[in-house]
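To start, the structure under review is shown below, and the notes come after it.
Readers should treat all values here as calculations from the given coordinates under stated rules, not as data from a laboratory. All figures in this text were calculated on a predicted structure; none of them were measured in a lab. For neighbour counting, all protein chains shown are included, and Cβ atoms are generated from backbone atoms with ideal geometry for every residue, glycine included.
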Amino acid sequence: MPLTLSPPRLLLLLRRRQAKVQEPRSTARPCRGARLSCAPDEVAATDAEQQQGEEEEELVLLASYRTAFNEVIMVIDSPSNRYLVLDPTRNVHSILPKKSAWTNSYWDECVSLPTVVPRGPVALLGLGAGTAAHMMLEVWPWIQLIGWEIDPTVIELSRDYFGMSTLEKTTELGGSLSVHIGDALSPSATVEGGFAGIVVDLFADGKVLPQLQE
């Protein structure tokens with residue numbers, strides 16, 4: 001299930017900004033008095049009473065773009081995390097934690113994959129800003145990751161704001177992330193000999209892709 005932004009007051013703020021996005025642009029604007037959290041839809045719908053007394057953190061919009069693949073791309077920064085937000089569905093597609101090695105979300109589960117598959121290359125279908133890649137290379141620095149992302153602008157922003165360029169460099173133990181720009185579900189999204197494991201993180205408009213529901 002994709003993650004969402006909450007509460008509604010932040011969503012309203014972001015939608016107002018999205019309505020103004022006409023051409024690719026980059027900005028850095030502080031947004032005080034708003035709180036950014038990530039949770040499945042049913043968890044994100046907490047009422048205002050539950051949030052009273054919680055410390056609010058400053059959010060900064062670092063960049064916003066529109067491409068042929070994503071109507072809205074936003075990089076949002078906070079003292080605790082950096083977020084990649086795509087489309088008016090308000091989905092958080094990637095998180096870069098600053099104060100912890102863990103996201104407290106489904107990406108954490110990816111770290112266990114090498115313990116249950118043979119040693120070999122692992123595919124990341126739907127790379128985003130590389131949340132799963134960051135975590136897997138941190139725990140398993142020998143792992144060979146091969147990621148696919150359809151939007152080249154997302155990859156550019158990931159290298160600029162999420163440290164993806166570091167993941168593309170080979171570690172002392174031989175691990176690295178190889179980035180491919182293209183359709184993760186195309187026949188060409190493979191390697192000789194196949195993959196030891198595959199992580200599928202593909203959503204569109206807040207829903208699982210139709211091809212994965214067949």
Calculated P(r) of the range 158-200 - Cα pairs past 16 Å, %: 53 percent
Any chance you could run the full-extension gain for Val116 through Ser80? It's 0.36 nm times the residue separation minus the Cα-Cα distance, nm to one decimal. 9.8 nm
So if R0 is 25 Å, what FRET efficiency would Glu58 and Val139 give, r being the distance between their Cβ atoms, rounded to the nearest 0.05? 0.25
Cleavage-rule hits (trypsin sites (Lys or Arg not before Pro)) in the range 90-146: DSSP loop, at most 14 neighbouring Cβ within 10 angstrom: Lys98, Lys99, Arg119
Sort Thr103, Thr115 by Cβ crowding within 10 Å, fewest neighbours at the top. Thr115, Thr103
Amide hydrogen neighbours beyond the local backbone of Ile198, cut-off 5 Å, H modeled: Ala123
Principal axis extents for the range 109-213, Cα atoms only, whole Å, descending order, please. 38, 31, 26
Counting other C-beta atoms within 10 Å, which of Tyr83, Tyr65 has the fewest, and how do the rest follow? Tyr65, Tyr83
